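A.B. asks: Quick one: the structure is below, questions incoming.
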Amino acid sequence: MKTPSLLAVILSLAVSSPALAAHSADFDAGVDASAVLKAAKESAKKDKTAVATYYPGGRRTIPDCVAFTFSPTDNPVSESVYLRSTEYVTECQPVGDPRHGGGQNCWERPGYSYSQRVQVTLRDRQPLLPWEHDVFRVCLDGPWLYTNVIEAAYDYKLVSAGADSGRIVLSPTRKIPMRPDPVGVLADLSGQFVLNFKDKWSSYYPGENIVLKIALTKEVKFWPDYAILTKEITVPVAEAYRFDLNKFAAEFSEKPAAGKDYYVAYSIKRTGKVSKNDFTKALETSRVSYAPASLAFNK
């Protein structure tokens, strides 16, 4: 579960002196860290890798981080993971004659090394939708241990965290809409341009609408493919959706050619309160050879 993830700033445990190993610094129970967690999530989107932390006096530390992922059926107590962070110190020695400019020769050597076993517990965990998950990042940066939310279905409150024990306890507060399942709706295109969708999670979205963004695309050998129809269709959520794309023939940028290969690139957006109102990443149907209805009948 040691997955590279996003680095953000702090929901932190600090110690009095960076030259010492981390002391115990438990937070008081019930500290509301939701605002800090929200800021951390935004920062986490921008920071792709863990980077060294630099300090005055020629010191830097390289953090060691781990991402803990909790799926709907996972144990609310994570496994214990060992983290190790090393401090590096820059030392310099004068060289040459200082009366004539002189200079210095500098090098870097390992300094203190810090280690800690870490574990995350979700207290009073609330249910997740089948495709949702909570992801937290914990980092040891020199003597400091800190965590942030990468992605979660709830705002989380920091209940306690011990630098000596490495045990971080979080508790959910309000529900946060997450992105819909990127493969929760799958499509199939026939050679007569009939497009069928199946909605795996329709029962979780009663009374809501869904937006289907489609691009009927012509496959071109040795040249970029291009769309001959792009459209967004909004319909009530159901177990299945069926569209005869020939009904939009007046909007085609060119007449489709019989025997040529076509496919649909599509994405979906849930527009209610259950999920975040963002389009999913585009998927594609299988390629089909276009056979107008009259040709198909003649066969």
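The values are calculated or read from the model by the stated rules, or taken from the named source; none is laboratory data. For clarity, every value in this text was computed on a predicted model and none was experimentally measured. We place every Cβ from the backbone using ideal geometry, glycine too, and count neighbours over all the protein chains shown. The protein model used for the area step is the full one, side chains on, heavy atoms only, and it has no ligands, DNA or RNA in it. Shrake-Rupley method; radii C 1.70, N 1.55, O 1.52, S 1.80 Å.
A.B. asks: Would it be correct to say that ASP164 is modelled with pLDDT under 95, farther than 30 Å from ALA293 by Cα and among the acidic types (Asp, Glu)? Don't jump to the end; show me each part of the working.
C.D. replies: On the way: modelled with pLDDT under 95: yes; farther than 30 Å from ALA293 by Cα: yes; among the acidic types (Asp, Glu): yes.
Against the criterion (modelled with pLDDT under 95, farther than 30 Å from ALA293 by Cα and among the acidic types (Asp, Glu)), ASP164 qualifies.
A.B. asks: Mind listing whichever residues of the range 228-243 are within 17 Å of ASP188 (Cα to Cα) and of a type in the set (A, V, I, L, M)?
C.D. replies: LEU229, ILE233, ALA238, ALA240, listed by residue number.
A.B. asks: Identify, from the list LYS231, LYS213, the residue that is in contact with a Phe, Trp or Tyr (Cβ under 8 Å, 6 or more places away or on another chain), in a strand (DSSP E or B), in contact (Cβ under 8 Å) with a residue 12 or more places away in the chain and open to solvent by 70 Å² or more (accessible area, probe 1.4 Å). Give the derivation first.
C.D. replies: On the way: LYS231 fails: open to solvent by 70 Å² or more (accessible area, probe 1.4 Å).
Just one listed residue meets the conditions, LYS213.
A.B. asks: Restricting to the range 268-295, and then to whatever is surrounded by fewer than 17 Cβ atoms within 10 Å (Cβ to Cβ) and in a strand (DSSP E or B), can you tell me which residue is farthest from the chain's Cα centre (by Cα)?
C.D. replies: Per the stated criteria, the residue is SER289.
A.B. asks: Another question, then. Take the residues in the range 153-183 that are open to solvent by less than 10 Å² (accessible area, probe 1.4 Å) and in contact with a Pro (Cβ under 9 Å, 6 or more places away or on another chain), then tell me which one is farthest from ALA240 (Cα to Cα).
C.D. replies: ALA163
A.B. asks: Shifting gears a bit: Could you list, in sequence order, the residues of the range 184-197 that are in a strand (DSSP E or B) and either surrounded by 15 or more Cβ atoms within 10 Å (Cβ to Cβ) or in contact with a helix residue (DSSP H, G or I) (Cβ under 8 Å, 6 or more places away or on another chain) (or both)? Spell out how you get there, then give the answer.
C.D. replies: First, the residues of the range 184-197 that are in a strand (DSSP E or B): 185-189, 194-197.
Across the range 184-197, the qualifying residues are VAL185, ALA187, LEU189, VAL194, LEU195, PHE197.
A.B. asks: Considering only the range 119-130, I want to know if a residue exists there that is open to solvent by less than 60 Å² (accessible area, probe 1.4 Å) and over 22 Å from the mean Cα position of the chain (by Cα). Break it down into steps so the answer makes sense when it comes.
C.D. replies: Let us first name the residues in the range 119-130 that are open to solvent by less than 60 Å² (accessible area, probe 1.4 Å), namely 119-122, 125, 128-130.
Keeping just the survivors that are over 22 Å from the mean Cα position of the chain (by Cα) gives none.
No, because not a single residue in the range 119-130 is open to solvent by less than 60 Å² (accessible area, probe 1.4 Å) and over 22 Å from the mean Cα position of the chain (by Cα).
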